[in-house]
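Enquirer: Let me give you the structure first, and then I'll get to my questions.
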Amino acid sequence: MAVYNIEVTTGERLFAGTSDYVYITLIGAEGESERTLLDKWGNDFAKGTTGSYSVKTPRTLGELFLLKVEKDPVLLLAENLWFCSKIVVTTPEEEVILFPCHRWVSHGELVELRGGPEYVIEHWKDDDFYGFQFFNAVNPNIIHRCSQLPHNFPVTEDMVKPFLQEGSSLHAEMKTTYSSLCLPENIAERGLESVPNFYYRDDGLKLWSLINSFVKEMADKYYPSDNDVSRDSELQAWISDIFTNTFLENGSSDFRTVEELTKFVTMVIFTASAQHAAVHNGQVPLGSYPSEHFGEPDCKQIIKAFQGDLSYLSEEIAKRNSELTLPYEYLNPAQIENSIGA
């Protein structure tokens, strides 16, 4: 039997407390707990208070990475919103994990919280850790190299001209473009190729490469030549519909080569799996496909090899993380869902 000690803090806001039933579910790398009611004698979730509870599981859940919070009304009473400030979990291994919330929770809502180790609790206000979170937390795509100077920027063209290449300008040196869907281009155009400790980029590019290799093998099987791509009317209709009815409408509306097809499908898989995992959470393991989708023996072998590559990368990331004060787990293949709707 494994025991997880839980501390739940209700915020200080007006009417932050609730008398409703509150449930939590702990999710780890090796399993999840039962949906557990947090209940003790008295008013459990009064404004500004912290309550202590425990969740018991038959065995340890491995590394905790997600906590689900739900709230149900008492009998038929009216909606009673609750402002949850934070939840702190102490594992059977004595690891202290903070799950920040800082939001209202309503009836019937499922709130999913990501956790961070004790380091987060101690350093979340530090400037360097604040910068680290921009690189490696849930919004890695908001980081860009500055593409234009603020109107009151004190540096002028004349001041830097002696340091620029002939024919260049301050504006040209700072200009960048945006390709937000294809990670290698996205990283390059945001000027982030050499930024240190950017684990979203490091793990993401490795995953992109593995997915691209997998897609290429599959595409080569079904489309041996570029002509096969051009002649597939259903494929061309599919991509034409995407380009016509989405934000890609200004681009090419057909595939002419296997390489173009491979890149596009790589982008779709990466966006719906790895990119989604970087800002959300996993459900079905990446690389898992129903047998009826790909029944041919050679396709099954390609999938098996892809799964092996993902497993190797997962081990590589785990080894890297073991040496970090704050591990970066979001793009570990073991925690990435196969697609958003999987």
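Enquirer: Under a cut-off of 14 Å between alpha-carbon atoms, report the aspartates and glutamates in cross-link reach of residue 304, not counting same-chain residues fewer than 8 places apart.
Expert: Here the aspartates and glutamates satisfying the reach criterion relative to residue 304 are 217, 296.
Enquirer: What ranking, highest mean first, results for peptides 125-132, 190-197 when packing means the other Cβ atoms within 10 Å averaged over each residue?
Expert: 190-197, 125-132
Enquirer: In 5 Å bins starting at 0, how do the alpha-carbon pair distances of region 199-335 split up by percent?
Expert: All Cα pairs considered, the percentages come to 2, 9, 17, 19, 18, 15, 11, 5, 3, 1, 0.
Enquirer: Give me, ordered by chain and number, the residues 5 or more places off residue 85 or on other chains with an amide H under 5 Å from its own placed amide H.
Expert: 9, 10, 11, 102
Enquirer: Per residue of region 193-202, in order, report the coupling 6.51 cos²θ - 1.76 cosθ + 1.60 (Karplus, θ = phi - 60°) as ³J(HN,Hα) in whole Hz, putting x for Gly and Pro.
Expert: Calculated HN-Hα couplings, in order: 5, 10, 5, x, 6, 9, 6, 4, 5, 4 Hz.
Enquirer: Next up: Would you mind checking 71/125; 263/319; 47/68; 40/68; 206/263 for any pair whose Cα atoms are more than 25 angstrom apart?
Expert: From the list (71/125; 263/319; 47/68; 40/68; 206/263), the Cα-Cα distance tops 25 Å for 71/125; 263/319.
Enquirer: How long, wide and thick is region 2-123, going by the Cα atoms along their three principal axes, in whole angstroms, largest first?
Expert: That works out to 39, 32, 25 Å along the principal axes.
Read-outs: derived from the displayed coordinates by stated rules, not from any lab. Note that the structure is a prediction, hence the values are computed from the model and not measured. Reconstructed Cβ throughout: ideal geometry from the backbone, glycine too, with neighbour counts over all protein chains shown.
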